[in-house]
Amino acid sequence: MKIRIVSASTRINRLSHRIALALKEELLQRKFDADIIDLKTLALPPFEERIDRLESPDPRLLELKQELLSTQAFIFLTPEYNGAIASGLKNFMDVFAKEPFMHKPIGVATGSTGAMGGIRAAYQLQQNILTIHGLPHPQMLTVGKMDQVINEEGQIVDEAYAKKQIRFLDLFLDFAQRLV
Ligand SMILES: Cc1cc2nc3c(=O)[nH]c(=O)nc-3n(C[C@H](O)[C@H](O)[C@H](O)COP(=O)(O)O)c2cc1C
């Protein structure tokens, strides 16, 4: 199964991206075709129009659209900013939705340096995913104090978090495999 983790952690000295790195590592260990779509590298401009309606879309974005279309399951990862998802993730959804996400399993992962793990952003993201006709999994991965549980290289350094990630992936992958 082809799985892409969309990382909306784009801040200078970002931390939530570690969640994406750790998820990718475990998915690769489980022999999935897994990779990260890093919105920091992609650096989408502020929203102008949906890709299908642009007169001369950037070939790089057309290539990414093909990559999204061939992806069977996604995990959307966002930090919580001011009680909401990162604007970069909303921008990404607005540019590419809905076709590449239609009826596909999408996992929700959020991060915060606080204790709540970005729960407000997580619930919003579930709603956003429904709006683009994706299928959000009910089990969300909310990661509090993420700088303390995953190191810079994306290695998990906290046993309780290791178990939490395994449980999230067990449930999400079971859901995704039933759908693809
Ligand atoms: C603009 C901004 C808004 C933030 N708002 C929240 C928030 O609503 N809830 C929260 O738990 N943490 C909030 N934080 C703290 C973040 O959890 C922390 O900065 C985290 O590292 C953000 O993820 P990132 O490193 O991937 O950007 C905010 C941080 C920034 C920069």
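A short reminder: the numbers here are calculations on the coordinates, not readings from a lab. None of the values given here were measured: they were computed from a predicted structure. Counting neighbours? That spans all protein chains shown, and the Cβs are built from the backbone with ideal geometry, glycine included.
For segment 1-46, residues that are in contact (Cβ under 8 Å) with a residue 12 or more places away in the chain and assigned to a helix (DSSP H, G or I) total 14. Please determine whether any residue of segment 37-57 is surrounded by 11 or more Cβ atoms within 10 Å (Cβ to Cβ), closer than 17 Å to T110 by Cα and out of contact with any Gly (no Cβ under 9 Å at 6 or more places or on another chain). Within segment 37-57 (the criterion being surrounded by 11 or more Cβ atoms within 10 Å (Cβ to Cβ), closer than 17 Å to T110 by Cα and out of contact with any Gly (no Cβ under 9 Å at 6 or more places or on another chain)), the answer is yes, since at least one residue qualifies. Taking helices (runs of 4 or more DSSP H) as the structural unit, those lying wholly within segment 71-174 and holding at least 1 residues that are of a type in the set (G, A, S) and within 11 Å of the ligand (Cβ to nearest atom) correspond to 87-96, 119-131. If the condition is being away from the ligand (no atom under 16 Å from the Cβ) and either in contact with a helix residue (DSSP H, G or I) (Cβ under 7 Å, 6 or more places away or on another chain) or farther than 17 Å from N91 by Cβ (or both), then segment 14-45 contributes E25, E26, L27, L28, Q29, R30, K31, F32, D33, A34, D35, L44. Residue by residue through segment 58-74, note down the ones that are in contact (Cβ under 8 Å) with a residue 40 or more places away in the chain and either in contact with a helix residue (DSSP H, G or I) (Cβ under 6 Å, 6 or more places away or on another chain) or hydroxyl-bearing (S, T, Y) (or both). Matches in segment 58-74: L68, S70, T71, A73.
Given the criteria of a type in the set (D, E), outside any helix (DSSP H, G or I) and without any contact (Cβ under 8 Å) to a residue 60 or more places away in the chain, does E55 qualify? Yes. A single entry from S7, S112 fulfils the requirement of being polar (S, T, N, Q) and in contact with a Pro (Cβ under 7 Å, 6 or more places away or on another chain): S112.
Quick check: anything in segment 86-100 farther than 25 Å from P46 by Cβ and buried (at least 17 other Cβ atoms within 10 Å of the Cβ)? Scanning segment 86-100, I find no residue that is farther than 25 Å from P46 by Cβ and buried (at least 17 other Cβ atoms within 10 Å of the Cβ), so the answer is no. Of all residues in segment 148-159, those satisfying the criterion of being touching a helix residue (DSSP H, G or I) at 6+ places or on another chain (Cβ under 8 Å) and without any contact (Cβ under 8 Å) to a residue 12 or more places away in the chain are V157, D158.
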